[in-house]
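As structure tokens, the structure follows; a few thoughts come after it.
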Number of protein chains: 2
Amino acid sequence: MFRIVAPDARKVDLRIGKNYDTVKGDDGAWTVTTAPLVVGFHYYSLAVDGAVLADSNTRTFFGSGWDNSGIEIPEGPEGDYYRPQDVPHGQVSQRWYFSKVTGQWRRCYVYTPPDYESGKTSYPVLYLLHGWGENEQGWHAQGHVDFIMDNLIAAKKARSFIVVMDNLNAVKPGEDGTIFISRALQPPPKPGEQPMRRLASFTGATFTEMMLTDLIPMIEKTYRVLPGRENRAMAGLSMGGFQTFRTTLAHLDQFAWIGGFSGSTGGFAGDFDPKTSDGGAYADTAAFNRKVKMLFLGIGSAEGPRTKKFSEQLTAAGIHNVYFESPGTAHEWLTWRRCLKEFAPLLFR
Amino acid sequence: MFRIVAPDARKVDLRIGKNYDTVKGDDGAWTVTTAPLVVGFHYYSLAVDGAVLADSNTRTFFGSGWDNSGIEIPEGPEGDYYRPQDVPHGQVSQRWYFSKVTGQWRRCYVYTPPDYESGKTSYPVLYLLHGWGENEQGWHAQGHVDFIMDNLIAAKKARSFIVVMDNLNAVKPGEDGTIFISRALQPPPKPGEQPMRRLASFTGATFTEMMLTDLIPMIEKTYRVLPGRENRAMAGLSMGGFQTFRTTLAHLDQFAWIGGFSGSTGGFAGDFDPKTSDGGAYADTAAFNRKVKMLFLGIGSAEGPRTKKFSEQLTAAGIHNVYFESPGTAHEWLTWRRCLKEFAPLLFR
């Protein structure tokens, strides 16, 4: 049940997947009881007389290009893997660095495992990307990457490794890669329509160049990192998964482990052709299987068959890959937490 | 100039210190041009037909108990001390820990200096608190603690030390220390009135016990920390400064450096009496001066004379203290950034 105080409003809508009208009470508060929401993390917003805004009584989460509201429908005990437990805890660190490629200061977050601070050994690194309209904060604010890793490591299900979470947005000075338009320049959204916000511009090629030129060298200079492609993984969710395939498949000399969570090149590139798709990355099947220690494809069962089909096409072409389907979840953070839970234990083995 | 898209609204107010009416344009957007704002960081919110909400086109900042909007009126070159420069950068780390005193998981942020990650030496620690309605994120999100420290350390103006930023809110199970009430349970705020939000409860005594029992031992076990009271400082802004005095003056065996930024016991405790104020902490002047390496009192020049009077009363009583007045600033983050800039260089000398 949602309750919004807007005493002088004529109409208040709740937008959570679909659009709900609310009813005004004598106390000036508007209320609505939604249909039961499926388990997982759901963004939502309010439309107060046509103004699309966040709930002021809950925390905001950066998604769809703005600080909108989010509500978690928690899993039962099976969700303990993403909640804090009485185990050793690592930390998520905010790290600022200057990018020569974009000419701007950038921020990334770095998860270091529990034994990092007091230890002396070096670790492999997973570069982990957010999705459309989100930012470098998503994986710890919405994804609970730190609790998931802490719990997997404590249970000895995953190796201790570093996770680097950067921001997809990257353009060179003067380069125009705008993919978002300002809500203020749009007509009012239709009922249930998500508002759009302008983000910093994005081009996949510039992100890849920035990552190889600025991010990876900074990380390997700053932290105790094991060198070489076999100690370097990249994964991402949704648009971040698409970017992961673009970056890694064009630079297999740099990455040996690849993950796409509800996002990959599969299906986007039209009919899959093992000889030509993704720039012919799969053409030499034996070489690909030798170089790529793992190609992981994760998806929510409610997201449609495209990723499963892509996995089957890869398998049919002789490309080794791991397919994971999250039962009963859609294109949201519970799917991606579960993907990380399945993906992390297989890394760097 | 502010521009808010609320096509069907009857009234849209902008609340930034004072209340501004906005005017609707043909495109359904409401606009207003405010009087010039003084330099610094200002929280603001929108009232759309009586609903007090954050701007959905800018980032939110946790203050007054909710994720409201903030706008920075930047300083000129003199503000470079709180902006990222081409110097070595430390990091701000999110650290979760379980509190035996409150029976809950807590989150703090830990700034480690640039040479920490690659180094082996141990460091003194400053425990630094936020203000009323803010949280453990305030000092890096609004205060830029990391850039201020990076720049001071690079200029050799401050020693390298660790900064721990925790959350003031702390109650034991069953303890009721509520100091905020839910906006949804209030009548609509009057024009210009700040909305109130409920935060986790707070009692100063429980925070002190939690800090000494849970926080400090966790920090000293996790990080390379120099032991002993002379390597331990505590400071805070506003309500956090008041808490700093409560905690440190009752435990001078634990802290040797004390800072209050727009917040201290001075003036709150009525007439200052060196023999009885703050539990008689100042009674033995010589012992106090010997134990307390620095008592720092900072304030914005627009905040009134109370802190200056307190400093003068301390001086008259023979209590050594440092008074800093930030020119032309009020009870906001620019005052507190400047306080840290003045306070940090004097620490651990």
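The values are calculated or read from the model by the stated rules, or taken from the named source; none is laboratory data. Since this is a predicted model, take the numbers as computed values, not measurements. For neighbour counting, all protein chains shown are included, and Cβ atoms are generated from backbone atoms with ideal geometry for every residue, glycine included. What goes into the accessible areas is simple: the full protein's heavy atoms, side chains included, and nothing from ligands, DNA or RNA. Shrake-Rupley method; radii C 1.70, N 1.55, O 1.52, S 1.80 Å.
Residues of segment B:1-50 that become at least 20 Å² less accessible with every protein chain present than in their own chain isolated, using 1.4 Å: which are they?
In segment B:1-50, residues shielded by partner chains: B:ARG3, B:VAL5, B:PRO7, B:ASP8, B:ARG10, B:VAL48, B:ASP49, B:GLY50.
Just flag the trypsin sites (Lys or Arg not before Pro) in segment B:1-51 sitting in loop per DSSP whose Cβ has no more than 16 other Cβ atoms within 10 Å.
Numbers: sites: B:ARG3, B:ARG10, B:LYS11, B:ARG15, B:LYS18, B:LYS24; in loops: B:ARG10, B:LYS11.
Those satisfying the criteria are B:ARG10, B:LYS11.
Output the 0 to 90 degree angle, nearest 10, between the alpha-carbon long axis of helix A:239-249 and the longest principal axis computed from the alpha carbons of chain A.
Orientation of helix A:239-249: about 10 degrees from the principal axis.
Let me know the shape class of segment B:46-170, please: from the alpha-carbon gyration tensor, a ≥ b ≥ c as square roots of the eigenvalues, rounded when a/c is under 1.5, otherwise prolate if a/b is greater than b/c, or oblate.
oblate
Nearest 5 is fine: what % of DSSP beta bridges in the protein assembly as shown come out antiparallel, could you say? Please list the in-between numbers first.
Details: 80 of 128 bridges.
If I count the DSSP bridges inside the protein assembly as shown, around 60 percent turn out antiparallel.
At 222 nm, what helix-only mean residue ellipticity would chain A give, in deg cm²/dmol to the nearest 500, using -39500 (n - 2.57) for each DSSP H run of four or more?
Estimated from H runs of four or more residues: -5500 deg cm²/dmol.
Taking amide H atoms as placed 1.01 Å from N in the peptide plane, list the residues 5 or more away in sequence, or in a different chain, whose amide H sits under 5 Å from that of B:TRP105.
Placed amide hydrogens put B:SER99 under 5 Å from B:TRP105.
Whenever you get a sec, compute what percent of the accessible area on the protein assembly as shown sits on carbon and sulfur atoms (1.4 Å probe).
56 percent
At a probe of 1.4 Å, how much accessible area disappears from chains A and B on forming the pair, both sides counted, to the nearest 100 Å²?
That pair of chains buries around 4300 Å² in total.
What figure in square angstrom, to the nearest 10, would you give for the accessible area of B:ARG83 with a 1.4 Å probe?
B:ARG83 exposes around 60 Å² with every protein chain in place.
For segment B:62-75, just list the computed ³J(HN,Hα) in residue order, Karplus coefficients 6.51, -1.76 and 1.60, θ = phi - 60°, integers in Hz, with x standing in for Gly and Pro.
Running phi through 6.51 cos²θ - 1.76 cosθ + 1.60 with θ = phi - 60° gives 6, x, 6, x, 8, 7, 9, 8, x, 10, 9, 8, x, 6 Hz.
Tilt of helix B:333-343 relative to the longest C-alpha principal axis of chain B, in degrees (0 to 90, nearest 10)?
The helix B:333-343 is inclined about 20 degrees to chain B.
Run through the DSSP bridge list for chain B and note the antiparallel percent, rounded to the nearest 5.
60 percent
Please compute the alpha carbon radius of gyration of chain A, then divide it by the globular-protein estimate 2.2 N^0.38 Å. Two decimals is fine. Walk me through the numbers before you get to the answer.
Working: Rg = 21.1 Å, N = 349, 2.2 N^0.38 = 20.4 Å.
Cα Rg divided by the expected 2.2 N^0.38 Å: 1.04.
What angle do you read, to the nearest 10 degrees and between 0 and 90, between the alpha-carbon axis of helix B:145-154 and the longest principal axis of chain B?
50 degrees
Identify all aspartates and glutamates with a Cα-Cα distance to B:LYS100 below 15 Å; exclude those on the same chain that are fewer than 8 residues away in sequence.
A:ASP86, B:GLU175, B:GLU209, B:ASP214
Considering just Cα atoms, how many Å³ per residue does the convex hull of the protein assembly as shown enclose?
Numbers: hull volume 112.0 nm³, N = 698.
Enclosed volume per residue, from the Cα hull, is 160 Å³.
Could you give me the percent of Cα pairs per 5 Å distance bin for segment A:52-104, shortest bin first, beginning at zero and ending with the bin that holds the maximum distance?
4, 12, 12, 12, 18, 18, 13, 7, 3, 0
Using each residue's phi in segment A:116-132, evaluate 6.51 cos²θ - 1.76 cosθ + 1.60 at θ = phi - 60° and report the 3J(HN,Hα) Karplus result to the nearest Hz, with x for Gly and Pro.
Once θ is set to phi - 60°, the couplings for segment A:116-132 become 5, 4, 8, x, 10, 7, 9, 10, x, 10, 9, 8, 10, 9, 7, x, 3 Hz.
Leaving out ligands and nucleic acids, and using a 1.4 Å probe, what accessible area per residue does the protein assembly as shown come to in Å²? It would help to have the intermediate numbers written out before the result.
Details: 26750 Å² over 698 residues.
Accessible area per residue: 38 Å².
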